[in-house]
Amino acid sequence: MIYAGTHVTAGHGRAVVVATGTTTEVGKIAGLTAETEEPRTPLEGRVEILGRWILVGAAVLFASVMGLGVLRRLPLAQVLAVAISQVVSMVPEGLPVAMTIALAVGVKRMAARRAIVRRLSAIEALGSTTVILSDKTGTLTRNEMTVTEIGLPGGRAITVTGVGYSPEGSFLEADKPMDVRSDEALHALLEAAVLCNDAQLVPPTAADARWLPLGDPTEAALLTTSAKAGIDVADARQRFERRAELPFDPTAKMMATEHATPSGSLVVLKGAPEAVLDLCSKARIGSSEVSLDSRMRDEVRGAAERMAGRALRVLAVAAVAEAGLDPRSGFEGLRELPTFLGLVGELDPPRPEVREAVRACRGAGVRPVVVTGDNKATGVAVARDLGIAREGDLAIDGGELEALTDAELAKVLPSVSVFARVQPSQKLRIVKAFQAGGAVVAMTGDGVNDAPALARADVGVAMGITGTEVAKEAAKVVVTDDNFATIVAAIEEGRLVYKNLKKLILYLFSTSMAAVLVLLAALLCGCPLPLAAVQVLWINVVTETMVTVNLVMDPPEAGLMRRAPVPRDEPLLDRALLGRMALMTPTIALSTFAYFAYQLATGESPATAQTSTFTVLAVCLWFNVLNCRSETESALRPSLLGNRWLVAGLVLGNVLHAAVVFVQQLNAVFHTVPLPLHEVFVIGAIGSVVLWVEEIRKLLVRRRDRRTGARVDA
Ligand code: ATP
């Protein structure tokens, strides 16, 4: 019985489905899992720390207000109401809701860009990513293989024409068309490549006019080439029925199959040239077999290396007659037996969008590194082409990596841009080495063996198309199109979520603290209360919430991918935010309190003074939300219409506030009185002071950044 969720690590089989969905064993477990809580994310941890500080601050505030009130012999009920409203105004009630929405919006936006987030913590980690360790085939390249070169023993070099999987094309030797059918050596190589092969070619249909690969594109390309040479794939597979196999092993980098022949059996082997060559003792030249001496070995290695240098994925093919496969001894059981048939070089064009994504990465302080199972020369050629490898960069292969101690690896790590012929188990070591150097690592993977490294990476990224279920389960993000550019897009979204969260926190804290300061100032000065308790509640629950939730919908600013990644240990309220708060909060508090004091001095009734103060504070908050949208840009620069949610929130907030002030029935509830129209304009002007103060600060910062060359915004 194969249970749903069972992972097939290798081989082939046929199965009958006897249960689906919730009736499977895994379905039952899924019911249980749904009830289990997800572990807390680092962000939740940071918010909890912040929450504790707020709790302590609120307790201190409550005690001080009560103490002050009692000292000033105010009626206890009034002091209690003020103390409670102070605490309410200090606690940012909108934070949990807005944070959840920010993350949910991030998940949705990433999904729209083809990155599915499996764990919320990945969003934060994506924003802080400093290194992307990427596979080559399919991620940087299209995974559309075409055989363009064939190397036969004896120094023969053959070029194959044609593109894609369509079996149309010809074979050229020394630029002259060749008669493939009479070339026994080439025929033997291509027939072997058809047998040691699990792929199929799907002919054009009414829906799709192209030939398509079914299975591994590396293998499908071999079928196309054989078909170009007139080999009937189905017929060959029928004549030489497969009896046994050693499936492709990413560690050995080979696969082998055993076939029945009229005279007995045939074993065919294909894989990485150095691995196959290591097992062979003979080579086929024309129709005869010669001993594979060291000179010929060097010749073959040289030819493979030259193909790899042209960014080709190179496979070697070998065969041995009258032999069998023994799963216990594996590939070693074939040592010294096979006859080397030739090399095949497959071209896999780079994805066109990756060059731009690599550029964006570098601009964003994120380093791309290729980690491939392929040959070093192939890896370097592709990395060079895409701008990942640059002058002076190092490429290390699996063998060299093995020979390095951890300390030596740490020393060379900053200049390595390609890890080649990497064993799946070495990927984990590479991830750990980068993390030990302080990097936040995103790593791609598809195979079962990639799972430990994917789980260990800060952001494991599984491939949606080629990825195994095991890899997807170990990863935090699944990229549905297997594309490197999608990972970079996800990093941008991760940064946006984090940035919007910080805007939100700045806004909530600067405004809440301003309300606290106004009330405290009044208590200290012995004035009547500037705001009624219900007005404080209104400011907190309606005025703030109406815009905070919408602040997280802000689109990305132009400079988002031109800044350095967010440091991993940066607190939510960092120095930059505290600095901005230190300017915003007193400005809001001062504008509000000064107007209140002026109203009292001119003999206005306490109800009118409170209504004016309540309105000044609300107007300050509306202007301040515009301030929080950008750290350095003018408040209206990130186009206001770019965030229609915010505009709607502001309009609705204004309408509701006007209702509270001007609708008679609500006046009694909110302790308000209608204000004369001319005063509304004065209040508007006073409320905008915080905007102008921030505008001046931003202008000075922009000037300084321009002088020092640190300016990154557009
Ligand atoms: P990449 O980074 O390009 O995705 P990878 O880690 O997936 O590389 P593998 O698919 O493990 O690399 O391939 C490693 C080597 O194994 C290739 O260079 C090739 O020589 C050989 N190889 C790949 N696919 C097959 C196959 N189907 N049969 C035999 N050999 C193969």
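Candidates G164, G138, G154: the one that is farther than 30 Å from M443 by Cα and either within 16 Å of the ligand (Cβ to nearest atom) or part of a loop (DSSP other than H, G, I, E, B) (or both) is G154.
This table checks each residue for (1) hydroxyl-bearing (S, T, Y); (2) modelled with pLDDT of 90 or more; (3) assigned to a loop (DSSP other than H, G, I, E, B).
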site	(1), (2), (3)
L656	no, yes, no
A659	no, yes, no
A668	no, no, no
V682	no, yes, no
A685	no, yes, no
V690	no, yes, no
L699	no, yes, no
D713	no, no, yes
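Report whether or not R644 is basic (K, R) and modelled with pLDDT of 90 or more. Give the derivation first.
On the way: basic (K, R): yes; modelled with pLDDT of 90 or more: no.
Answer is no for this residue.
Of all residues in the range 349-387, which are over 25 Å from R563 (Cα atoms) and small (G, A, S)? G373, A377, G379, A381 - these are the residues of the range 349-387 that are over 25 Å from R563 (Cα atoms) and small (G, A, S).
Here's a check for you: in the range 253-283, which residue that is over 16 Å from N197 (Cα atoms) and of a type in the set (D, E) is farthest from the ligand (Cβ to nearest atom)?
Looking at the filtered set, the residue picked out is D278.
Restricting to the range 293-316, name every residue that is within 16 Å of the ligand (Cβ to nearest atom) and either out of contact with any strand residue (DSSP E or B) (no Cβ under 6 Å at 6 or more places or on another chain) or of a type in the set (S, T, Y) (or both).
Just the residues of the range 293-316 that are within 16 Å of the ligand (Cβ to nearest atom), to begin with: 300-301, 303-316.
Once the filter is applied, which keeps residues that are within 16 Å of the ligand (Cβ to nearest atom) and either out of contact with any strand residue (DSSP E or B) (no Cβ under 6 Å at 6 or more places or on another chain) or of a type in the set (S, T, Y) (or both), the range 293-316 yields V300, R301, E305, R306, G309, R310, A311.
Could you list, in sequence order, the residues of the range 169-184 that are surrounded by 12 or more Cβ atoms within 10 Å (Cβ to Cβ) and over 16 Å from L222 (Cβ atoms)? Even if it seems obvious, please write down each step before you answer.
Filtering the range 169-184 down to residues surrounded by 12 or more Cβ atoms within 10 Å (Cβ to Cβ) leaves 169-173, 178, 180, 183-184.
Within the range 169-184, S170, L172, E173, M178, D183, E184 meet the criteria.
Residues of the range 217-232 that are touching a Leu at 6+ places or on another chain (Cβ under 8 Å) and either away from the ligand (no atom under 16 Å from the Cβ) or of a type in the set (D, E) (or both): A227, A229, I231. How about the range 253-270: which of its residues are surrounded by fewer than 19 Cβ atoms within 10 Å (Cβ to Cβ) and either on the phi > 0 side of the Ramachandran plot or hydrophobic (A, V, I, L, M, F, W, C) (or both)? Answer for the range 253-270, where residues must be surrounded by fewer than 19 Cβ atoms within 10 Å (Cβ to Cβ) and either on the phi > 0 side of the Ramachandran plot or hydrophobic (A, V, I, L, M, F, W, C) (or both): A260, G264. Within the range 205-216, is there a residue that is within 14 Å of the ligand (Cβ to nearest atom) and surrounded by 20 or more Cβ atoms within 10 Å (Cβ to Cβ)? Yes, the range 205-216 contains a residue that is within 14 Å of the ligand (Cβ to nearest atom) and surrounded by 20 or more Cβ atoms within 10 Å (Cβ to Cβ). Apart from one condition, V370 fits all of (1) modelled with pLDDT under 95; (2) outside any helix (DSSP H, G or I); the exception is (1).
Selection of the range 404-439 for residues being within 16 Å of the ligand (Cβ to nearest atom) and either of a type in the set (G, A, S) or in contact with a Lys or Arg (Cβ under 8 Å, 6 or more places away or on another chain) (or both) yields S417, V418, A420, R421, S425, L428, V431.
So which residues in the range 12-26 are at pLDDT 75 or above and surrounded by 10 or more Cβ atoms within 10 Å (Cβ to Cβ), if there are any at all? Passing the criteria: A19, T22, T23, T24, E25. Does any residue of the range 244-252 turn out to be more than 16 Å from the ligand (Cβ to nearest atom) and surrounded by 18 or more Cβ atoms within 10 Å (Cβ to Cβ)? Looking through the range 244-252, none of the residues is more than 16 Å from the ligand (Cβ to nearest atom) and surrounded by 18 or more Cβ atoms within 10 Å (Cβ to Cβ). Out of all the residues in the range 61-75, is one or more surrounded by 19 or more Cβ atoms within 10 Å (Cβ to Cβ) and either in contact with a Lys or Arg (Cβ under 9 Å, 6 or more places away or on another chain) or among the basic types (K, R) (or both)? No: the range 61-75 contains no residue that is surrounded by 19 or more Cβ atoms within 10 Å (Cβ to Cβ) and either in contact with a Lys or Arg (Cβ under 9 Å, 6 or more places away or on another chain) or among the basic types (K, R) (or both).
Condition check ((1) over 25 Å from G373 (Cβ atoms); (2) not in a helix (DSSP H, G or I)) across all residues:
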{"position": "L277", "(1), (2)": "no, no"}
{"position": "A283", "(1), (2)": "yes, yes"}
{"position": "E289", "(1), (2)": "yes, yes"}
{"position": "R301", "(1), (2)": "no, no"}
{"position": "A304", "(1), (2)": "no, no"}
{"position": "M307", "(1), (2)": "no, no"}
{"position": "A318", "(1), (2)": "no, yes"}
{"position": "G324", "(1), (2)": "yes, yes"}
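The values are calculated or read from the model by the stated rules, or taken from the named source; none is laboratory data. What you are looking at is a predicted structure, and each value in this text was computed from that prediction instead of being measured. Virtual Cβ from ideal backbone geometry, glycine too; neighbours counted across all protein chains shown.
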